[in-house]
Amino acid sequence: MDSLTWVVFDIMGTIAFAVSGAMVAIDKRMDVFGVIVLALLTAVGGGMVRDVLAGITPPVALCNITDFMLAILTALFISWGYTRWPISHRNLQRFLLLYNICDTIGLASFTITGMLTGLGREYGNPYVLPVLLGVITAVGGGVLRDVMARRMPVVLYKDIYATASLVGALVSCLLYPYIGILAASWLCFALVILLRAGALRYDWHLFHPRPGKRLGK
Amino acid sequence: MDSLTWVVFDIMGTIAFAVSGAMVAIDKRMDVFGVIVLALLTAVGGGMVRDVLAGITPPVALCNITDFMLAILTALFISWGYTRWPISHRNLQRFLLLYNICDTIGLASFTITGMLTGLGREYGNPYVLPVLLGVITAVGGGVLRDVMARRMPVVLYKDIYATASLVGALVSCLLYPYIGILAASWLCFALVILLRAGALRYDWHLFHPRPGKRLGK
Amino acid sequence: MDSLTWVVFDIMGTIAFAVSGAMVAIDKRMDVFGVIVLALLTAVGGGMVRDVLAGITPPVALCNITDFMLAILTALFISWGYTRWPISHRNLQRFLLLYNICDTIGLASFTITGMLTGLGREYGNPYVLPVLLGVITAVGGGVLRDVMARRMPVVLYKDIYATASLVGALVSCLLYPYIGILAASWLCFALVILLRAGALRYDWHLFHPRPGKRLGK
């Protein structure tokens, strides 16, 4: 997992998550401190919750300046860009595509780092902890972002997002004793990307027991 | 505490808490993933927060598949039941009574497990930690549910609920050096059940410094 | 840090933070249990999050009855005072000044205790952890208060508050190898007080990328 490929994936994910946090913060008219906090929380919050749950304290993200500076610089860039950049429809489309690609890669690579943390600590049932830590790492940051911004967490009512992470982590946890950790990681990566891309392309949704306009918006 | 009685109480509590999480999620029009997450958080969230605070990592609930499957199955059943079941007034009343019985037993048995965790780690003042962990285990899941669903936590403004847990934990912590752990547990159980049943039956409420319609609904 | 001065500062901060929690709870029409919970969370929540992140479990605040009783008594006093005390404009002004003084001293002394916790555990980059723990200790309680009361966390969109704590912690972390821990603590204290007092006096604000009325109020 220390190969250059994964580092690049991780950086892409961190930046994409920081962008989404910064955009929510600006939308809620926070000041630049709030924009930085939300970018940080979204980018490293999932990993922090994972580390606290797994008993890794202080969390890796709090001792490490890389992800940190990445999120802060992203937040400052987005803050500046928001005030300066005239966004045409065409630019936005291109930007959205780029954002979705980075975000999906982040979802996949964060799922894998969470799952590997869980596999490293063998307690009780061999699937529950790795799968949960994978999903928490992948979506925890977004949930923290939404709670801080007084939004209902997006993963709870919309889209195939956490579900992609869940399926990827579960399948590769089940197969990892047979195919080894590297193949399981790549399998997880491929599954998350495919499911998420399919959901975006074909507008897949999960079953809603009570359909209709969401309350509490 | 490992006797069959307590296991049964714990299962009743887990199911009742999962039902309340699932119902809030459906009310907020979440998809089935959201319903499962809220059922899980409500059922095992209080115990997870307790374990993290007490330094038990990873939390027991994350390594154990029983509570997990119980909450997921409850969530799926409620999701399915919501779309299929014509609920007559009479059915609802019977269901509410059953729900309140399970929920109250859950409140009592979760208070006890939290208190016992606190008594097992003797730090500083002998009452503060056990009482707090008891209350946190009992109401923490409901608070997480409400925060995720963008509701004001119900325990903060309504009903004798957390207070029942608090009184039960405090009294049995004070008496436990004299009566032993088993009697203290049953005393706590009886106190919580009595206070909660009284509050439901006679509509007891705590003092409101500023009465009137709640803001922020 | 164990000298009487710091103990006094800490008590002033705890009381001021408990007052702000109790006032928000009353404003949201919570019952007296909610008022106590919010006072407690605001007063000791930042320190609890700091301890969990730093791996100090159970958190100091959960084993210690002093801060605890202080917050509860403050909450009861405010609840009682709210219903009894006719507040004239003149009284309110005097009270606000007193509140701001205590709150600012609390901000400064909580920043220092957080920073010292971080300096005590040398991991990775020597500045990131102490500065983050300083800021989290200082503003974490207020953020928890706002999340529980369904408000957007105030530090994210208004005022120079967290920023004062951040600047104080960062400057004194950078200088502490040269000037020693005691001078660094006092420097941090002075910086936080000056910045916060300036912000209150001259109505300083941070840059807003998207100015205008805040959404989500």
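Springs join every pair of Cα atoms under 10 Å in this Gaussian network model of chain A, and among A:117, A:137, A:14 the largest mean-square fluctuation is at A:117.
Ordering B:126, B:161, B:136 by the projection of their Cα atoms onto the charge dipole of the range B:4-202, which places +1 on the Cβ of Lys and Arg and -1 on the Cβ of Asp and Glu, puts B:161 at the extreme positive end. Measure nothing fancy, just the Cα-based angle from helix B:4-27's long axis to the longest principal axis of chain B, in degrees from 0 to 90, nearest 10. Around 40 degrees separate the two axes. As a calculated quantity, the FRET efficiency between residue B:181 and residue B:201 at R0 = 22 Å, using C-beta atoms, amounts to about 0.15.
If you take all other residues with their beta carbon under 13 Å from the beta carbon of residue A:40, and give Lys and Arg +1 and Asp and Glu -1, the sum is 0. Between the range C:93-114 and the range A:155-173, what is the separation of their alpha carbon centroids in Å? Computed from Cα coordinates, the inter-centre distance equals 45 Å.
On a per residue basis, the convex hull of the C-alpha atoms belonging to chain B measures out at 139 Å³. Only the Cβ atoms of Lys and Arg (+1) and of Asp and Glu (-1) were treated as charged; on that basis the dipole of the range B:4-202 about its Cα centre amounts to roughly 560 debye.
The Stokes-Einstein estimate for the range C:100-185, based on a Kirkwood radius over Cα pairs and taken at 20 °C with 1.002 mPa s viscosity, is a diffusion coefficient of 162 µm²/s.
Could you state the orientation-averaged shadow area of the convex hull built on the Cα atoms of the protein assembly as shown, in nm² to one decimal? Display every interim value, and only then the final one.
On the way: hull surface 121.8 nm².
One quarter of the hull surface, i.e. the mean projection, equals 30.4 nm².
Taking B:159, B:31, B:146 as the candidate residues, the one with maximal mean-square fluctuation in a Gaussian network model of chain B, Cα springs under 10 Å, is B:31. Accessible area per residue for chain B, computed on protein heavy atoms with a 1.4 Å probe, is 44 Å². Could you work out how far helix C:128-148 tilts from the main Cα principal axis of chain C, as a 0 to 90 degree angle to the nearest 10? It is inclined by approximately 10 degrees.
Taking all protein chains as present, what is the carbon and sulfur share of the accessible area of the range A:131-177, in % to the nearest whole number, probe 1.4 Å? Using a 1.4 Å probe with all protein chains present, the range A:131-177 comes out at 74 percent carbon and sulfur.
Between helix A:65-84 and chain A there is an angle of about 30 degrees, using the helix long axis and the longest principal axis of the Cα atoms. The spacing between the range C:1-37 and the range A:43-89, judged by their C-alpha centroids, is 31 Å.
Evaluate the range B:10-115: find the radius of gyration of its Cα atoms, find its Kirkwood radius, and give the ratio Rg to Rh. Walk me through the numbers before you get to the answer.
Values: Rg = 14.2 Å, Rh = 14.2 Å.
With Rh from the inverse mean 1/r over Cα pairs, Rg/Rh is 1.00.
Think of it as helices only: each DSSP H run of n ≥ 4 in chain C is worth -39500 (n - 2.57), and spread over all residues that comes to -26500 deg cm²/dmol at 222 nm. For the Cα trace of the range A:155-217, dividing Rg by the Kirkwood Rh returns an Rg/Rh value of 1.12.
Over both sides of the C-A contact, add up the buried accessible area with a 1.4 Å probe and give it to the nearest 100 Å².
Details: alone 12470 and 12500 Å², together 22010 Å².
It comes to approximately 3000 Å² buried between C and A.
Per-residue accessible area (protein heavy atoms, 1.4 Å probe) orders C:102, C:188 as C:102, C:188, starting from the largest. For the range B:1-53, the percent of C-alpha pairs falling in each 10 Å distance bin, counted from 0 to the bin holding the largest distance, reads 26, 42, 26, 6. Computed over neighbours whose Cβ is under 11 Å from that of residue C:53, the net charge equals 0, Lys and Arg +1, Asp and Glu -1.
The values are calculated or read from the model by the stated rules, or taken from the named source; none is laboratory data. Please read these numbers as outputs of a predicted model, since none were measured by experiment. So basically every Cβ, Gly included, is an ideal-geometry build from the backbone, and we count neighbours across all protein chains shown. To get the accessible areas, we keep the full protein, side chains included, count just its heavy atoms, and leave off ligands, DNA and RNA. Shrake-Rupley method; radii C 1.70, N 1.55, O 1.52, S 1.80 Å.
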